[in-house]
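The values are calculated or read from the model by the stated rules, or taken from the named source; none is laboratory data. Everything quoted here is computed from the prediction, not taken from an experiment. Backbone-built Cβ (ideal geometry, glycine too); neighbour counts: all protein chains shown. Each accessible area value is taken on the protein alone, full model and side chains, heavy atoms only, with ligands, DNA and RNA left out. Shrake-Rupley method; radii C 1.70, N 1.55, O 1.52, S 1.80 Å.
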Amino acid sequence: AINVLSQIADMTSWSLEDLKASLTSPYWSIQKIAIQLVMDRGSQEDKALSVAQIQKQIAQLTSPDENTRNTSSYIHLLELGADAIAPLRANVENTAADIVTRQWSLDLLTQLLSYQDVLPIFEGILKDSNQPFYSFASDRLTKLILAQTDPIALASELLNSQVTGVRIAAVNALGESRNQYAITPLGNARNVETNRAVIAAMDQAFEKLKA
């Protein structure tokens with residue numbers, strides 16, 4: 001353990017070749033720093049080696065169980081921070097990728113990106129109700145809205161979205177808020193909404209708010 005710690009402390013002075021060799025280290029603490037330093041210093045070809053290691057972590061996220069958030073791969077991706085964002089986003093957008101890994105990739109992005117930065121990703125998914133994880137994305141967006149400082153204002157703003165799925169997620173957030181201040185914006189939107197699925201979601205939201 002002492003030897004590993006001494007290696008970590010000195011890794012910033014390592015050559016690029018040594019860092020690349022450490023991308024496959026059995027010690028995550030070393031591998032993580034190697035990934036980050038190669039991403040920072042390497043050529044596009046070198047960076048691809050780091051991305052490949054990040055992709056291996058993503059590929060491990062195959063269980064739909066909520067305890068996946070406690071697995072080493074999930075935690076490792078969080079620890080990688082900004083370096084994991086592009087590979088995670090690429091996996092979300094890869095229709096050939098395992099559906100569960102795509103779901104967890106989206107989940108991780110909600111933690112690594114700000115609300116404003118992750119919203120366009122949700123909009124892209126929710127444009128197509130035939131997306132295999134459309135329901136998952138809708139549920140995650142609802143939860144993301146509710147986790148913000150002023151969920152009522154955010155949800156009310158999203159009621160004007162051009163994306164039907166985003167409007168449904170916003171409606172669900174208003175209903176789940178159980179906040180009486182949600183009734184007015186929801187009622188105003190209900191008066192002009194024409195999409196049947198959104199109207200149905202609004203009616204369910206009203207029932208929750210009146211309960």
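Modelled label positions at I99 and T164, each set 7 Å beyond Cα in the direction of Cβ, lie 2.0 nm from each other. Per residue, the accessible area of the chain comes to 52 Å² when a 1.4 Å probe rolls over the protein heavy atoms.
Volume per residue for region 27-74 equals 71 cubic angstrom (convex hull of Cα atoms).
Ranked by solvent-accessible area (1.4 Å probe, protein heavy atoms only, all chains present), the residues K20, K208 order from largest to smallest as K208, K20. Beyond 13 Å, what share of the Cα-Cα pairs of region 104-150 remains, rounded to the nearest whole percent? The answer is 52 percent, as a whole percent.
Roughly how many Å is it from the Cα centre of region 5-62 to that of region 113-130, as a whole number? So the two Cα centres are separated by 30 Å. Model label sites at Q148 and W28, defined 7 Å from Cα along the beta-carbon direction, differ in position by 3.2 nm. To the nearest ten degrees, helix 164-177 and the longest principal axis of the Cα atoms of the chain are 80 degrees apart. Each principal axis of the Cα cloud of region 45-103 was taken in turn, and the coordinate range along them, longest first, works out to 35, 26, 15 Å.
Note on region 121-171: the C-alpha convex hull projects to 3.0 nm² when averaged across all orientations.
Sorting I99, I145 on solvent-accessible area from highest to lowest, probe radius 1.4 Å, gives I99, I145. The residues packed around S63, meaning those with a beta-carbon under 12 Å from its beta-carbon, carry a net charge of -2 if Lys and Arg are +1 and Asp and Glu are -1.
Cα convex hull, region 76-211: 104 Å³ per residue, rounded to a whole number.
Placing W14, W104 in order of accessible area, with the largest value first and a 1.4 Å probe, yields W14, W104. Across region 110-150, the residues whose backbone nitrogen lies under 19 Å from the label position 7 Å along the beta-carbon direction of N179 are 115-116, 119, 139-150. Can you work out ³J(HN,Hα) from phi for every residue in region 116-129, in order, using Karplus 6.51 cos²θ - 1.76 cosθ + 1.60 and θ = phi - 60°, giving whole Hz and x for Gly and Pro? For region 116-129, the Karplus curve yields 5, 7, 8, 4, x, 5, 5, 4, x, 6, 7, 6, 10, 5 Hz. Placing +1 on each Lys and Arg Cβ and -1 on each Asp and Glu Cβ, with no other charges, gives region 98-211 a dipole about its Cα centre of roughly 260 debye.
Given region 63-137 reduced to its alpha-carbon atoms as identical point scatterers, what log10 I(q)/I(0) does the Debye formula return at q = 0.23, 0.26 Å⁻¹? Rounded to two decimals, the profile gives -1.12, -1.38.
Non-local lysine pairs in the chain, meaning eight or more places apart or on different chains, with alpha-carbon distances under 25 Å, amount to 9. The alpha carbon radius of gyration of region 1-160, expressed as a multiple of 2.2 N^0.38 Å, is 1.17.
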